[in-house]
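Below: the structure, in structure tokens.
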Amino acid sequence: MKVSPPLCMLGASLLFALMAACVKLASVHYGTGEIVLYRSLIGLVLMALALRTRGLTLRTPVPGMHFWRSVSGTVALVMWFYAVSVLPLGTAMTLNYTAPVWIALFLIGGSVMLGQAQVDGRLVATVLVGFAGVALVLRPTLEPQQLWGGLVGLLSGVLSAVAYLGVTALGRAGEPSERVVLYFSATGVLAGAGLALLEGPWHAHSVQGLLLLAAIGALATGAQWLMTRAYAAGATLGIATLQYLGIAYAFVLGVWLFDDPVTTQALAGMALIIGAGVAATLLRARPQRPDANPTET
């Protein structure tokens, strides 16, 4: 069944925002490595079942592409979870959501180096407008003691952009979404276990902690799967702009769970974000090539 890439990204953004809130809550009970480990382990099991259900194998003709996508994505994930644990939720989300801007810069730079002009300037403008909305909604400010966490969060955005471009390349190579997410999850299990060992003694479980870990794993896997399908099938900049709606979701969650203030600036920022997403959707509404959606069956 074919699913619209914009709808996939809308769903992924919501699930990622819910996951971030759960990570913030779980950081009280567990270290970053443990959260990454359990989140990835649940994703590994779910994607293994999905592969089996679809009759797909683990074997891939492009192992190198999976390696670089999985490594960049896993390092970005570790950095983001750490930022969420030490920074206000809104600040950490904002820093991670610089990824679409980095994607725009990467694509523009690539076009310049190749002497081509394939990037739609209107889409670039929507990305920049979306980021302006992010700044208005969350207005992140870092205390001096939070500088390291802020730097880590910003680097997570850069590496997320690299990982998203890797997802797009794997989709064009014909790799199914389930296999892409499975290799990413397997890398996360290894990285999370190693980091947890370095962090020190593992924490004991509680009912609340287990429920949060299960929610993180399920939400992250669903979001990763939807995001993978969106990037594999859609125009990279247009999908990146729609991802900004995750900030609107996070804003609502912040008000509800963490008593974040509601301001005129925040509401104006949400309007800019939504407007940028709508504009990007309209701009990318053009006929697709027959081979533009290789992961759909």
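Just so it is clear, none of the values below were taken in a lab; they were calculated from the coordinates. Predicted, not measured: the structure shown is a model, and the values here were computed from it. Note that each Cβ is placed from the backbone with ideal geometry, even for glycine, and that neighbours are counted across all protein chains shown.
Just a few scattered comments:
- Global form of the stretch 43-83, assessed from the alpha-carbon gyration tensor, a/c cut-off 1.5: oblate
- The order of the peptides 194-201, 79-86 by mean Cβ neighbours within 10 Å, most packed first, is 79-86, 194-201.
- Over the stretch 1-97, Cα pairs under 8 Å with separation of 6+ residues give a relative contact order of 43 percent.
- Cα gyration tensor, the stretch 124-233 - rounded (a/c under 1.5), prolate or oblate: oblate
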